[in-house]
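First up is the structure itself, then whatever we jot down about it.
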Amino acid sequence: MQVAVMGFGTVGSGVVELILKNKKSIQERSGQNSLDIKHILDIRDFSSHQLADLFTKDFNDILNDKDVQIVVETMGGLNPAFEFVSKSLEAGKSVVTSNKELVAAKGYELLELAKKNNVNFLFEASVGGGIPIIRPINQCLAANEFLEVAGILNGTTNFILTKMIDEGMDFDEALKIAQANGYAERDPSADILGHDAARKICILASLCFGKHVYPDEVETEGITNIAKEDVEYAKAWGGVIKLIGRSKKQSSGKISATVGPCLIKNGCQLASVTDVFNAILVRGDAVGDAVFYGRGAGKFPTASAVVADVIDCAKHTERRKLIGWEPAENDYVINPLEQSSALYVRADASDYNAVAEKVKASFDGAQILNYDNENKNEIAFVTPLMNEKDAREKIDSLNLEVKNILRVLDY
Ligand code: HSE
């Protein structure tokens with residue numbers, strides 16, 4: 001069986017190297033006599049590469065090659081990936097992608113196209129890098145009604161936050177190391193502003209709850225506003241700050257979907273996830289909580305998931321794997337203000353005692369946080385769990401110079 005790889009960047013080159021390295025076992029597990037890479041598409045010059053003969057700059061070399069039955073898309077971005085993937089599926093080729101932007105924006109269309117052409121469209125590597133999560137949700141946990149899915153979905157930001165928390169490193173220095181390790185997106189703003197995690201929670205929510213969720217429906221906040229003080233107040237509260245993507249089924253049948261930095265209590269499984277590692281918690285009505293943990297970014301962890309999908313495609317040439325979801329109605333994703341949240345607030349407080357009294361009077365059960373802070377003109381507190389709109393209105397009515405508001409994870 002012949003495979004083509006589109007995009008020879010960090011992930012694509014990892015896919016090629018992994019297929020060559022583990023050729024024998026991969027062939028055996030595919031049930032194929034051979035599984036070979038026939039073309040590698042990349043617009044850059046690889047004429048001196050040891051696999052130079054495989055490189056092409058022309059997508060038609062792949063599209064028109066009847067021997068190529070599986071196309072791997074590791075180019076990233078929407079264009080031309082969407083066009084190339086659509087044309088490959090229409091030509092009767094199965095497609096494997098690591099491209100979360102593509103799946104989050106066009107997953108429904110591409111899955112329908114795969115169904116129409118009786119081929120596979122698989123995307124295990126699009127969420128959680130090397131962590132098995134798409135297949136477990138779609139297969140192993142298929143007996144459950146899903147109640148919630150939440151996790152640390154971006155390796156770069158988790159790496160940066162870990163360096164800031166544990167080593168006191170500054171943001172830019174930590175980002176540079178993450179980029180040098182190949183964790184960050186081509187444009188790292190997708191990582192640090194939360195868009196990469198938003199794409200991933202869209203894919204997880206679509207899969208768990210059965211209707212397509214688009215990135216612009218997900219309230220998204222990154223980590224650029226996290227200050228050293230927030231990290232210290234979180235420690236004083238007994239926890240850490242993590243960038244969390246979360247989607248929860250509501251009793252109305254609608255869902256919430258958000259990405260943002262959250263306070264998490266030490267002891268919660270997500271709190272101990274550090275460095276480039278990701279973890280995804282899936283809550284099902286039968287299984288309870290299941291947590292999936294591993295390397296969420298990087299060349300070979302991501303290639304591991306891509307090549308497993310290639311093997312699955314090779315095993316399912318006659319009968320496609322059932323995976324998919326429906327389009328959603330317009331107001332399917334609720335406004336986060338409708339949900340219940342506890343909020344962490346940090347604000348200026350020139351008259352600390354007076355502000356602390358006002359906070360306690362406004363929020364029954366508010367927890368004032370303290371650490372050994374030089375700056376006594378600042379207050380931080382955590383509200384009780386309550387309707388988020390009411391909580392934010394109360395905070396507004398305190399007339400504080402607010403520096404940060406973060407959600408507190410309620411498990
Ligand atoms: N930039 C992404 C991350 C790569 O840091 O998690 C994996 O999707």
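Computed from the coordinates by the stated procedures, all read-outs in this text should not be read as laboratory data. Not measured: the values here are computed from a predicted model. Ideal geometry is used to build each Cβ from the backbone, glycine not excepted, and the neighbour counts take in all protein chains shown.
Tabulated values for the structure
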item: 12 Å Cα-Cα reach of K394 towards aspartates and glutamates, excluding residues that sit fewer than 8 places from it in its own chain; result: D364
item: Spatially proximal aspartates and glutamates relative to K265 (Cα-Cα < 16 Å; intrachain offsets below 8 disregarded); result: D230, E232, D410
item: Cβ-Cβ FRET estimate between N266 and E109, R0 fixed at 35 Å, reported to 0.05; result: 0.25
item: Ranked by how many other beta carbons lie within 10 Å on average, peptides 398-404, 297-303, 93-99 from highest; result: 93-99, 297-303, 398-404
item: 0 to 90° range, to nearest 10: angle between helix 352-362 axis and the chain longest Cα axis; result: 70 degrees
item: Check: region 22-122 dipole with +1 on Lys, Arg Cβ and -1 on Asp, Glu Cβ, in debye; result: 340 debye
item: Peptides 383-392, 190-199, 210-219 ordered by average Cβ neighbours within 10 Å, highest first; result: 190-199, 210-219, 383-392
item: Virtual spin-label span in nm between E28 and S48, 7 Å along Cα→Cβ; result: 3.9 nm
item: Highest average packing first - 13-23, 326-336, Cβ atoms within 10 Å; result: 13-23, 326-336
item: Computed over region 129-255: relative contact order in percent, which uses C-alpha pairs under 8 Å that are six or more apart; result: 33 percent
item: The chain: angle of helix 100-116 to the longest principal axis, Cα-based, in degrees nearest 10; result: 40 degrees
item: Percent of beta bridges antiparallel (DSSP, region 6-160, rounded to nearest 5); result: 0 percent
item: Restraint check, K248/K389; K163/K403; K242/K315; K200/K254; K242/K389, Cα-Cα greater than 29 Å; result: K242/K315
item: Global form of region 303-346, assessed from the alpha-carbon gyration tensor, a/c cut-off 1.5; result: oblate
item: 0 to 90° range, to nearest 10: angle between helix 155-167 axis and the chain longest Cα axis; result: 40 degrees
item: Global geometry of region 347-410, whether rounded, prolate or oblate, following the gyration tensor of its Cα atoms and the 1.5 cut on a/c; result: prolate
item: Sum of -39500 (n - 2.57) over DSSP H runs of 4+, divided by residues of the chain (222 nm, nearest 500); result: -10500 deg cm²/dmol
item: Prolate/oblate/rounded label for region 29-183 (Cα gyration tensor, a/c 1.5); result: oblate
item: Extreme residue, positive dipole direction of region 112-246, given options S189, L207, A174 (C-beta unit charges); result: L207
item: Separation between Cα centres of region 117-188 and region 1-70, rounded to whole Å; result: 25 Å
item: Relative contact order %, the chain, counting alpha carbon pairs below 8 Å whose residues are six or more apart; result: 18 percent
item: Potential lengthening between D58 and A91 on full extension [0.36 nm per residue; Cα-Cα distance subtracted]; result: 10.3 nm
item: Length added when fully stretched, S251-T224, from 0.36 nm per residue minus Cα-Cα; result: 6.4 nm
